[in-house]
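Take a look at the structure below.
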């Protein structure tokens, strides 16, 4: 069960906010159900309660259309959602109407507890929110089967000033999946709900320094879409605190720099924008240029590949950095893509696998310590292979991965320790004779640096 914590007696700097609850300002009439919805009584389908269903095998070859339709009907359905009991009053605040009841069990604002349980060492998550008015705050959790359990309930009477609600939720019972979220109900009169956050203990942080990210965008004659992408990033102050540079690689003849408003956005971003023009090398060549420039600058811990024509949620980009700061080992962090025409439908699952395959194809090229001309040739080759297999592909909404200790040495050779993409652990490049000696002495080819830290399998220990 949840445990109420006094924010006065415990230092809040021992906790780090990793997920802010946010609401849409632009296009809210289309996207609001992705952030908050009116509360409805939960409906659990019979299939959710039947544990034996996981052991039943489906024979699609012997299934006709009517059988399939009956199966889908029995799986449960939704009558749609509404968003009438509250009003968005800011990026991080909503106002409940009299006796309004809202739920944060949504795509963007439910905390992905099972992912944090699986990939990090976090054992407890803290939910905090400011409330003004007479309200009831409930915190819930779910399982991978969709079962819902109450965690904590707090009654707030704060008509004149805001009151803080703080609940700690243990990360238990999440091995098969599950989310955390909060619901808010007005007990009479309007209620302001603001600055809701999910935080984790800083002691579980695996990144021992303040990390930052560069963003690689490649575009080809989609200048207006790319311009909107740059505007979204420029207008996200929380993200920009963690942003090094946006590398915008323009490979077309309808140039982004000629778009109305580019000069203003460029001036706003300042050194956080690097605009590059090059020949059309496909999506692979454009994104590779962004990764190359990130590694060459040597300032970023992460590089994120972002589509030019996607309508991105900047908060999701920030969450990907904060999640990666806590992962037990480096991981690829992928984002879901929603349909442009049907914003409430999640698309693009298989494409992630395809795109990662070509990232794996490019990783060995980036691991080679070569001069820029040869590197350029290899990246063009990778771009050609990608276009050969994928044709006109739409790309990911965003994909981030950690460029481990990537840098460019004085001779211009590229070293990118991205072996985690290949074998599930870091590949180390032994450059100096001292490092090679360590590799030769290591058992089975595992590489250790002079401090004794293991870097995984060494690629040049012979």
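Among the candidates 211, 249, the residue that is at pLDDT 95 or above and within 18 Å of residue 297 (Cα to Cα) is uniquely 249.
I'd like to check something: does the range 8-17 contain any residue that is under 15 Å from residue 109 (Cβ atoms), modelled with pLDDT of 65 or more and crowded, with 18+ Cβ neighbours inside 10 Å? There is no residue in the range 8-17 that is under 15 Å from residue 109 (Cβ atoms), modelled with pLDDT of 65 or more and crowded, with 18+ Cβ neighbours inside 10 Å. Of the set (1) over 12 Å from residue 215 (Cα atoms); (2) touching a helix residue (DSSP H, G or I) at 6+ places or on another chain (Cβ under 8 Å); (3) in contact (Cβ under 8 Å) with a residue 40 or more places away in the chain, all apply to residue 280 but (2). Of all the residues that make up the range 291-338, how many are within 21 Å of residue 223 (Cβ to Cβ), touching a strand residue (DSSP E or B) at 6+ places or on another chain (Cβ under 6 Å) and in a loop (DSSP other than H, G, I, E, B)? Summing the residues that are within 21 Å of residue 223 (Cβ to Cβ), touching a strand residue (DSSP E or B) at 6+ places or on another chain (Cβ under 6 Å) and in a loop (DSSP other than H, G, I, E, B) in the range 291-338 gives 1. For residue 39, the conditions (1) over 19 Å from residue 108 (Cα atoms); (2) surrounded by 11 or more Cβ atoms within 10 Å (Cβ to Cβ); (3) at pLDDT 65 or above are fulfilled apart from (1). For the range 43-67, the set of residues classified as surrounded by 10 or more Cβ atoms within 10 Å (Cβ to Cβ) and at pLDDT 75 or above consists of 63, 67, listed by residue number.
Summed over the range 210-234, residues that are farther than 23 Å from residue 123 by Cβ, touching a residue at least 40 places away in the same chain (Cβ under 8 Å) and surrounded by fewer than 22 Cβ atoms within 10 Å (Cβ to Cβ) total 6.
The values are calculated or read from the model by the stated rules, or taken from the named source; none is laboratory data. Remember, predicted model here, so these are calculated numbers, not experimental data. So basically every Cβ, Gly included, is an ideal-geometry build from the backbone, and we count neighbours across all protein chains shown.
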